[in-house]
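Structure, as structure tokens:
The values are calculated or read from the model by the stated rules, or taken from the named source; none is laboratory data. A quick note: this is a predicted structure, and the numbers were derived from the prediction, not measured. Positions of Cβ are backbone-derived with ideal geometry, glycine not excepted, and every protein chain shown enters the neighbour counts.
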Amino acid sequence: MDLKYLNTFRAVVEEGSFARAAQRLSYTQSTISFQIGQLEQELSVALFEKIGRKMVLTQAGEQLIPYVDEVLSSLDRLRNFREDLAECQGELHIGVGETLLCYRLPAILKAFHRQAPKARLFLRSMNCYDIRDELMEGSLDLGVFYDCVGGFGTSLSTHVMGTFPLALVASEKVRAQHPDFITRDQRIPLPFVINEPNCVFRQIFERYLRQRSIMLDHTIELWSIQTIKNLVVSDVGVSYLPRFAVEEELRSGCLAEIPTELTGTTITAVCGHHKNKCLSPLMQLFLQLCTREADGRIAEAREVG
């Protein structure tokens with residue numbers, strides 16, 4: 001539906017005639033008639049009827065008015081939103097899980113700075129549990145984290161950014177030596193190279209190991225995902241990470257996936273805020289970009305670029 005037809009309809013209602021609406025909008029009267037005719041055709045109802053010399057709203061036309069007003073009002077808000085962003089010089093404080101910051105946020109951040117160049121964006125790489133807690137306390141505006149941390153009930157509003165598979169990975173050499181992470185009751189002489197104890201995918205894999213009574217030699221605990229990957233590529237041990245964080249290494253053959261009973265397990269990333277938080281234009285923009293990332297539009301633009 002062409003939005004200008006709605007604007008024409010509102011002008012006719014306010015002016016009381018096609019002729020005066022045409023004058024106001026700088027259209028010919030035949031253009032007004034055509035646009036109203038197109039609108040009636042799309043809605044499959046008559047909106048005006050001629051009584052004597054006057055064009056009078058039908059019952060359907062009367063009922064359409066609040067819908068048209070709502071659409072036109074929303075358009076005005078969108079225009080103001082864009083103007084607000086152009087002038088906005090505010091701050092936005094966001095906590096982000098490290099894997100998401102490294103591998104899912106760059107395209108979003110690039111688009112954000114392009115659309116709101118005067119904004120001051122403060123990013124913190126944080127544990128997902130800490131992000132949840134600070135959102136609930138109100139010390140963060142937004143958080144990008146994995147929703148499996150739970151514990152926030154209805155206190156937070158969350159917007160899904162994507163659901164991603166997890167993978168147990170090792171170098172090809174290590175996988176050839178230790179391909180079995182499914183048989184129960186075994187000790188595997190390898191270190192587990194992973195993030196700190198509150199890392200959500202570490203918790204998933206360690207729970208799996210306990211359930212199957214599989215013991216690894218020890219744990220190498222690091223804070224850098226890139227360092228974790230470098231050690232695993234260098235035959236040091238195994239790691240359990242979101243697949244998007246190791247996709248490039250899997251494609252190149254630097255890493256290989258080891259099958260487990262967890263194969264097919266996924267993790268959901270969300271962008272969240274306190275439900276009582278007043279959403280500023282900057283927050284709305286960031287959430288909008290996260291939604292675009294979720295449906296692939298930013299990712300597609302990234303690949304094309």
Sort out which residues of segment 104-122 are touching a strand residue (DSSP E or B) at 6+ places or on another chain (Cβ under 8 Å) and either closer than 16 Å to LEU289 by Cα or part of a loop (DSSP other than H, G, I, E, B) (or both), and write them in order of number.
ARG104, LEU105, LEU109, PHE112, HIS113, ALA119, LEU121
So HIS113 passes all but one of these: (1) over 24 Å from PRO281 (Cα atoms); (2) surrounded by fewer than 19 Cβ atoms within 10 Å (Cβ to Cβ). Which condition number does it fail?
(1)
LEU231: over 18 Å from SER125 (Cβ atoms), out of contact with any Gly (no Cβ under 6 Å at 6 or more places or on another chain), assigned by TED's automatic domain parsing to the domain that holds ALA256 and surrounded by 13 or more Cβ atoms within 10 Å (Cβ to Cβ), yes or no?
yes
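Please go through segment 187-201 and pick out each residue that is part of a strand (DSSP E or B) and of a type in the set (A, V, I, L, M).
Going through segment 187-201, the residues part of a strand (DSSP E or B) turn out to be 187-194.
Of everything in segment 187-201, those that are part of a strand (DSSP E or B) and of a type in the set (A, V, I, L, M) turn out to be ILE188, LEU190, VAL193, ILE194.
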Every pair of residues 6+ apart whose Cβ atoms lie under 6 Å, when the first sits in segment 122-135 and is polar (S, T, N, Q) while the second is modelled with pLDDT under 95:
SER125/GLU98; SER125/LEU101; ASN127/ASN198
GLU261: in contact (Cβ under 8 Å) with a residue 40 or more places away in the chain, of a type in the set (D, E, K, R), in a loop (DSSP other than H, G, I, E, B) and farther than 25 Å from GLY153 by Cβ, yes or no?
yes
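Considering only segment 166-177, state which residues are surrounded by fewer than 20 Cβ atoms within 10 Å (Cβ to Cβ) and either closer than 30 Å to TYR146 by Cα or of a type in the set (Gly, Ala, Ser) (or both). Working first, answer last.
Filtering segment 166-177 for residues surrounded by fewer than 20 Cβ atoms within 10 Å (Cβ to Cβ) gives 172-173, 175-177.
Residues satisfying the conditions are GLU172, ARG175, ALA176.
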GLU62 fails exactly one of the following numbered conditions: (1) in contact (Cβ under 8 Å) with a residue 12 or more places away in the chain; (2) within 41 Å of the chain's Cα centre (by Cα). What is the number of that condition?
(1)
I'm trying to understand the selection: among the residues of segment 234-248, which are surrounded by fewer than 17 Cβ atoms within 10 Å (Cβ to Cβ) and either in a loop (DSSP other than H, G, I, E, B) or in contact (Cβ under 8 Å) with a residue 60 or more places away in the chain (or both)?
SER234, ASP235, ARG243
Might you check whether a residue that is among the basic types (Lys, Arg) and either surrounded by fewer than 16 Cβ atoms within 10 Å (Cβ to Cβ) or at pLDDT below 90 (or both) occurs anywhere in segment 81-97?
yes
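When you go through VAL169, VAL144 one by one, which is the residue that is β-branched (Val, Ile, Thr) and over 21 Å from the mean Cα position of the chain (by Cα)?
Numbers: VAL144 fails: over 21 Å from the mean Cα position of the chain (by Cα).
It is VAL169.
For segment 1-36, give me the residue count where each residue is in a helix (DSSP H, G or I) and under 25 Å from SER73 (Cβ atoms). Before you say what the answer is, go through the steps one by one.
First pass over segment 1-36, keeping only residues in a helix (DSSP H, G or I): 3-15, 18-25, 29-36.
Imposing the further condition that a residue be under 25 Å from SER73 (Cβ atoms) reduces the set to 3-15, 18, 20-25, 31-32, 35-36.
Going through segment 1-36 one residue at a time, the tally reaches 24.
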Check PHE145 against each of (1) in a loop (DSSP other than H, G, I, E, B); (2) touching a Cys at 6+ places or on another chain (Cβ under 6 Å) and name the one condition it does not meet.
(1)
Residue pairs, Cβ under 6 Å, 6 or more apart or interchain, first in segment 162-186 and assigned to a loop (DSSP other than H, G, I, E, B), second β-branched (Val, Ile, Thr). List them.
SER171/VAL233; HIS178/ILE188; PHE181/ILE258; PHE181/THR260
